[in-house]
Each structure stands twice: as C-alpha cells, then as structure tokens.
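Peer 1: Here it is: the structure, laid out below.
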2 protein chains.
Amino acid sequence: LNGGLPSFSAHALPGLPLIAPGDDLTALILVAAEQAGLTLRDGDVLVVTSKVVSKAEGCIVDLRTVEPSERAHQLAAETDKDPRVVELVLRESRMISRQRRGVLVVEHRLGFVSANAGIDQSNLDADDEHVLLLPVDPDASARAIRVGIQEALGVNVGVVISDSHGRPFRLGNVGVAIGVAGVPPLRDLRGDRDLYGRELRISVQGFADQVASAANLLSGEGAEGLPVVLLRGLRFEWSDGQAADAYRPADEDLYR
Amino acid sequence: LNGGLPSFSAHALPGLPLIAPGDDLTALILVAAEQAGLTLRDGDVLVVTSKVVSKAEGCIVDLRTVEPSERAHQLAAETDKDPRVVELVLRESRMISRQRRGVLVVEHRLGFVSANAGIDQSNLDADDEHVLLLPVDPDASARAIRVGIQEALGVNVGVVISDSHGRPFRLGNVGVAIGVAGVPPLRDLRGDRDLYGRELRISVQGFADQVASAANLLSGEGAEGLPVVLLRGLRFEWSDGQAADAYRPADEDLYR
C-alpha cells in the first residue's frame, strides 16, 4: 500500500512458546519470525514485553520465601496488599510516590515511576505464589536481543523492552519503554522549523514510548499472549541511548 | 505481509493544503486520500491532529484583542509568560494544577490536564500575534468527519482527534486522544483470562491514546506537516464513547 508515503506496519509474532527461566529468548524470536514468514530487515524494531524477558531471565520470586519487614507489614496494612509483595516492592524501589488503599506507586530502582514497582502476579503458574520482577537491566536485555539477531542474521534491528503503565490524569494503561537498544528514547526536534520557519516549541517526542504504545495495541490483548511485535518502516536515527534518558529527573518533576 | 497475523499499518496522508478557517476538513481529507491512492475501508481509523481541526474551525485568537485580567498579569509574571496567553489559558481551564517559571499546567475545560491548556503558538502566521485554541468540542469534530466520510463513501471509519502532551515522570511528548468517534477511548479487558485462567489484573487499555501515539510517530515530525494518519487493521469494537471517558476523575487522581 503506497510504498512512497511515510508509513509503518506492526506485526505480532505468533507461535512463541510459554517462556521459562533459561530460555534463549533471541533464538525463540528468530524461530517464531521464520515460522511466520517474517524475514527481519535492517531498520526493523522488535518490541518485547518485559514479562517474557523476566521469565527468560528467571526474575521470579516464590512469595513463600519472602520475609516481610516491619515497614512492609505496615505499608501492606495501609494499602490492603500482600505484605510479601509489598516487601518486594520496597526492595525494588527508591521511594514511595503515592500510597492509598489498593494503590502503591513508587520510583523504581531503574528510575521510572509505576505502580507496584512493575511486579507482576499474572501468567506465572496456577498456585499464585510466584511473582515476576522486572528484568535486572532491561537495556542490557534489549542489547542482548539486538546483538543476537545481528550475529544470527547480519541485520541491524532496534529493540524495545516494554512495560504497561498507568498514568496520572488519564485512565487506561499504555505501553512504555523500559529498555532500548538502537532505538532513540527521545527524538529531539529542536532546531526543526515549523511551516513558517519558527523553531518548534513542542520539540521532544517520546519516541520509544510511542513505539511501545503502538506495539501494545497488538500485544496488550492480555489473554492472547503476543509478547513480541515487529514494527517495520519507522524512521529514526540509530541511537546508543538508554531508556532512562526518557525518565524525567526527580528535581524537574512537578508531580513525583 | 502475512495477512493472517494480528497486525496493523499506519499511513500519513500527504498532500493536504495549509488549512484555513472555514475549510471543509472532511472534503480535504477525502481528496488527499484519493490522490494518495488510499481507498478508505470499513474499520479504518483516521487520526487528525487538533491543530488542523482548530484551524478549520477558526479557533484562532489575535493576541492584540486580548485584555489580560489582573490575575493573568500576576500569573504571567510568576511563570514568565505572555499575559495575553495566560489570560486565554485561564479562560480555557478549570483550575491550575502546577505553576513554575516557564511552566503552567492546567485542567482544561474539556477535562484533561495539560500545559498551557493546549494553546498553540506555532504554525499560524509569521507575525506571531495569533494563537490557536483547541477545538470547542473535539468529540463533535471527530463525529463530523466520521459522518462526512460515511455519507461520501458509505464506509464506516473511526476518527481520533489527537493532541501532543507532556507527562509527569517521563520526558518527551506523546500523542493522546482529545476527541473520538467510533473508536473506544478505553478497551476493558476485565473478564479476560490470562494463560492460566486467572482474571487479568491490568485490565484497561488506553486504546485511543495509543492509537494517537502510534499516529504521532508519523505526524509528530513537526516541520513536515502530516496532520492526518490512517491506521488500518486495528481490532476494536465500535464505541459511542467520548474522549472524556479516559480522563481520570479529579477525585480519583493522586497527582492532579
């Protein structure tokens, strides 16, 4: 459809097996892409949900092994949450941003702000006693996939590790980037001119976050389990930035 | 490319002229789509930036006609902004959320929270004395385009009117929906089950916002002027919701 127009396409990769600790995620992505008839190309971007990265990397905690601190017990009572989960949230975070019954929003050790430090209790196993932490270093996870694909196929792809976050002001979760490799976290349009030659005022675009949101339109369908989305045709310059480049510093944040 | 996989594509519509007050935006979109060889189909979603809607609807104010109130003068001094622009921000908003030198974040009369009430000083004319307000009723603007296309072509498309917002916690602006027609503001996945049969916990997706963010990857390239993006292949159920369905009520917002 109109190859000359600015455009991109997004394709969910089907056929990935349930991921288990120790799995080679890059190898599984390569097999799934090949089985789907998708030949990866230079400039493609793969968006991978943090959930499957965490599983592959074994970022799984058995709640029965977690001893909540005094503070975790108190915070759990105040927020009506499992003290063992609250203990993990505290271990994973730098500070509490907001708390209220049923709500615990923190600044994650990685630098972003999210509910429950991104700890995930779904899709693990049926006994409900295991939870997933976010990957230890999602930028490194993204780089490993990027390098693995470069080595296997000789193609230069970008990778985004995505999570799904709630937001102030607006309802509904949206995809955000918590790890990047090759893909610019932000696209700085400063210096570009508008149609009348004036410098653009709204000048920095949340590029990787929007890539994650676009992918979430396909992968976010929860029950269907589509953790990897291929985006093709995006225009961007290769970047060695990291996801944290798009995290607003605390002292410049009027809301944290 | 693999018609059977869950996928969608996004296409910027080129060839739109500079929009002026009184222009029939729907007619111009139809011409641009036809000239680009894009035949609109049932289920397509058009994302239109609020900027061109405001221009077509004549939501333009000559700052030389604006008499700032006492309060606007004071707030302008505190925030280092043009008192006439601050006067318009106050008229367009319900309350101030945060202020600081160079920053004025308000709850817009439409219900969302954004900087400067979405008032836009770029891309108007070179003398810099005119500004654009947001459309009076962006849901109605979206419906008018949807109905106009239905009447002209007999196809059932969704329409999103988008704006570009900054965010707490994260840097970079992202596309959000401030008007919708046919497209669900939120997709409620509650009741869906995860792979182990448990109800999903993260269950409401910011669908229209993610659609706007996906489109912004193409239209957000400021200087290039691509205000209309066609998304094809998205899966959603037709909705009679309005954009405000995705605005978090003030009394449920821990950050406003």
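The values are calculated or read from the model by the stated rules, or taken from the named source; none is laboratory data. Computed from a predicted model, the values in this text were never measured in an experiment. All Cβ positions, glycine included, derive from the backbone under ideal geometry; neighbour counts span all protein chains shown. Quick note on the areas: whole protein, heavy atoms, side chains included, nothing else; ligands and nucleic acids left out. Shrake-Rupley method; radii C 1.70, N 1.55, O 1.52, S 1.80 Å.
Peer 1: Does region A:144-175 hold any residues that are more than 23 Å from A:G241 (Cβ to Cβ) and not aliphatic (A, V, I, L, M), and which are they?
Peer 2: Of the residues in region A:144-175, the ones more than 23 Å from A:G241 (Cβ to Cβ) are A:152-154, A:166, A:168-173.
Result: A:G154, A:G166, A:P168, A:F169, A:R170, A:G172, A:N173.
Peer 1: Could you please let me know if A:Q242 is modelled with pLDDT of 95 or more and at the interface with another protein chain (Cβ under 9 Å from one of its Cβ atoms)?
Peer 2: Values: modelled with pLDDT of 95 or more: yes; at the interface with another protein chain (Cβ under 9 Å from one of its Cβ atoms): no.
Against the criterion (modelled with pLDDT of 95 or more and at the interface with another protein chain (Cβ under 9 Å from one of its Cβ atoms)), A:Q242 does not qualify.
Peer 1: Give the residues of region A:131-168 that are of a type in the set (S, T, N, Q), farther than 16 Å from A:D24 by Cα and surrounded by fewer than 23 Cβ atoms within 10 Å (Cβ to Cβ), sorted by residue number.
Peer 2: Going through region A:131-168, the residues of a type in the set (S, T, N, Q) turn out to be A:141, A:150, A:156, A:162, A:164.
Those left that are additionally farther than 16 Å from A:D24 by Cα: A:156, A:162, A:164.
A:N156, the sole residue that qualifies.
Peer 1: Being hydroxyl-bearing (S, T, Y) and farther than 25 Å from A:P83 by Cα is the filter here; which residues of region A:46-63 pass it? So that I can check it myself, show each step before the final result.
Peer 2: As a first pass, look at region A:46-63 and keep what is hydroxyl-bearing (S, T, Y): A:49-50, A:54.
A:T49, the sole residue that qualifies.
Peer 1: Right, another one. Kindly provide the set of residues from region A:152-192 that are among the aliphatic types (A, V, I, L, M) and facing chain B (nearest Cβ under 9 Å), ordered by number.
Peer 2: We begin by selecting, within region A:152-192, every residue among the aliphatic types (A, V, I, L, M); these are A:152-153, A:155, A:157, A:159-161, A:171, A:174, A:176-178, A:180-181, A:183, A:186, A:189.
Scanning region A:152-192 gives A:L171, A:V174, A:V176, A:L186, A:L189.
Peer 1: Further question on the same structure: Checking the conditions here, which among A:L218, A:L200, A:L254, A:L226 is open to solvent by 40 Å² or more (accessible area, probe 1.4 Å), at pLDDT below 95 and either over 22 Å from A:P135 (Cα atoms) or at the interface with chain B (Cβ under 9 Å from one of its Cβ atoms) (or both)? Explain how you work it out, then say what you get.
Peer 2: Numbers: A:L218 fails: open to solvent by 40 Å² or more (accessible area, probe 1.4 Å); A:L200 fails: open to solvent by 40 Å² or more (accessible area, probe 1.4 Å); A:L226 fails: open to solvent by 40 Å² or more (accessible area, probe 1.4 Å).
Exactly one of A:L218, A:L200, A:L254, A:L226 is open to solvent by 40 Å² or more (accessible area, probe 1.4 Å), at pLDDT below 95 and either over 22 Å from A:P135 (Cα atoms) or at the interface with chain B (Cβ under 9 Å from one of its Cβ atoms) (or both), namely A:L254.
Peer 1: Is it true that B:D44 is more than 7 Å from chain A (Cβ to nearest Cβ) and more than 27 Å from B:E237 (Cα to Cα)? It would help to see each step written out before you state the result.
Peer 2: Values: more than 7 Å from chain A (Cβ to nearest Cβ): yes; more than 27 Å from B:E237 (Cα to Cα): no.
The answer is no for B:D44.
Peer 1: Let me ask something additional. Can you go through B:E87, B:E34, B:E70 and tell me which one is modelled with pLDDT of 95 or more, open to solvent by 40 Å² or more (accessible area, probe 1.4 Å) and not small (G, A, S)?
Peer 2: B:E70
Peer 1: Also: Only residues that are in contact (Cβ under 8 Å) with a residue 40 or more places away in the chain and of a type in the set (D, E): list them for region A:81-126, please.
Peer 2: A:E92, A:E107, A:D120
Peer 1: All but one of (1) open to solvent by less than 10 Å² (accessible area, probe 1.4 Å); (2) away from chain B (no Cβ under 12 Å) hold for A:A56; which doesn't?
Peer 2: Of the numbered conditions (1) open to solvent by less than 10 Å² (accessible area, probe 1.4 Å); (2) away from chain B (no Cβ under 12 Å), the odd one out for A:A56 is (1).
Peer 1: Where residues in region A:95-124 are of a type in the set (D, E, K, R) and open to solvent by 20 Å² or more (accessible area, probe 1.4 Å), which of them is modelled with the lowest pLDDT? Quick ask: steps written out before the conclusion?
Peer 2: Start the filter on region A:95-124 by keeping residues that are of a type in the set (D, E, K, R), which leaves A:98, A:100-101, A:107, A:109, A:120.
Subset that is open to solvent by 20 Å² or more (accessible area, probe 1.4 Å): A:98, A:100-101, A:109, A:120.
Details: A:R98: 96, A:R100: 93, A:R101: 91, A:R109: 97, A:D120: 87.
Checking each candidate, the answer is A:D120.
Peer 1: Let me ask something else. Of the conditions (1) open to solvent by less than 20 Å² (accessible area, probe 1.4 Å); (2) of a type in the set (S, T, Y); (3) in a strand (DSSP E or B), A:S9 clears all except one; give me its number.
Peer 2: Looking at each condition in turn, A:S9 falls short on (1).
Peer 1: Moving on. Is it the case that some residue within region B:52-59 is over 26 Å from B:D128 (Cβ atoms) and either basic (K, R) or touching a Gly at 6+ places or on another chain (Cβ under 6 Å) (or both)? I'd like the intermediate steps shown before the answer.
Peer 2: We begin by selecting, within region B:52-59, every residue over 26 Å from B:D128 (Cβ atoms); these are none.
The answer is no, given that none of the residues of region B:52-59 is over 26 Å from B:D128 (Cβ atoms) and either basic (K, R) or touching a Gly at 6+ places or on another chain (Cβ under 6 Å) (or both).
Peer 1: In addition: Go through region B:42-56 and count every residue that is farther than 27 Å from B:I119 by Cβ and in contact with a strand residue (DSSP E or B) (Cβ under 7 Å, 6 or more places away or on another chain).
Peer 2: So in region B:42-56, the residues farther than 27 Å from B:I119 by Cβ come out as B:42-44.
Remaining after also requiring in contact with a strand residue (DSSP E or B) (Cβ under 7 Å, 6 or more places away or on another chain): B:44.
Number satisfying all stated conditions: 1.
Peer 1: Just the residues that are within 14 Å of chain B (Cβ to nearest Cβ), surrounded by 12 or more Cβ atoms within 10 Å (Cβ to Cβ) and at pLDDT 90 or above, please, taken from region A:13-31.
Peer 2: If the condition is that a residue be within 14 Å of chain B (Cβ to nearest Cβ), surrounded by 12 or more Cβ atoms within 10 Å (Cβ to Cβ) and at pLDDT 90 or above, then A:L13, A:I19 are the ones that fit.
Peer 1: With respect to the numbered conditions (1) out of contact with any Phe, Trp or Tyr (no Cβ under 7 Å at 6 or more places or on another chain); (2) at pLDDT below 95, which one is the sole condition not fulfilled by B:S141?
Peer 2: It is condition (2) that B:S141 fails.
Peer 1: For region A:203-215: of the residues being more than 7 Å from every other protein chain (Cβ to nearest Cβ) and within 10 Å of the chain's Cα centre (by Cα), which is nearest to A:A181 (Cα to Cα)?
Peer 2: A:A208
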